[in-house]
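Just so it is clear, none of the values below were taken in a lab; they were calculated from the coordinates. The shown structure was predicted, so the numbers you read here are calculated from the model rather than taken from an experiment. A quick note on method: Cβ atoms are made from the backbone with ideal geometry, for glycine too, and the neighbour counts reach across all protein chains shown.
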Amino acid sequence: DPLWRCIAEAYRHTCILRSWRLLDPTESAAAMHIQTSVTGVLDSLAHVPGTSPLIELTVMPLFMAGADNLSPHSRHYVLLRLAECQARAEMGIAAPLSLLEKVWEARARQAADDQSNVPWMNFVSQHASLTMECSPSLIAIRHTMLNQCIKTTI
């Protein structure tokens with residue numbers, strides 16, 4: 001199924017985004033290499049129809065791209081795709097949505113010349129659990145996909 005390549009590409013960019021953020025969580029979301037991966041995630045996932053069973057695998061890449069997204073229309077796209085994930089999987093995604101809203105609100109409050117990042121990790125309580133309900137098979141698929149993305153990148 002060619003959609004697996006789209007999912008893999010989205011996860012590859014998700015891993016790249018996470019790596020950049022681990023290296024420097026304060027770097028501006030406007031940095032070219034950050035936006036390249038944000039665009040890479042969104043472009044890859046644009047090929048995955050909302051009716052596909054693979055849509056459930058797109059929550060994490062959508063969240064990571066959404067957290068560094070600067071464009072209002074792209075943010076709207078992320079919200080629409082997350083709604084598709086929720087409808088298809090019938091799983092709660094309140095935590096990712098809440099975190100994205102907090103990040104986007106904090107960015108909107110920044111001064112126009114303030115290019116500093118608003119890390120989504122700032123809004124996660126140390127005691128909060130952000131686990132999403134996933135079937136064991138979905139967790140295994142995600143683990144396999146991440147391993148494949150890492151091997152492809154290296």
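Brief remarks follow.
- Sparsely packed loop sites in the range 21-103 (the GluC sites (Glu not before Pro) outside DSSP H, G, I, E and B with at most 15 other Cβ atoms within 10 Å) comprise Glu90.
- Computed from the Cβ-Cβ distance with R0 of 35 Å, the FRET efficiency linking Thr36 to Ala87 stands at 0.70.
- Calculated FRET efficiency, Leu80 to Thr26, Cβ-Cβ distance, R0 = 35 Å: about 0.75 to the nearest 0.05.
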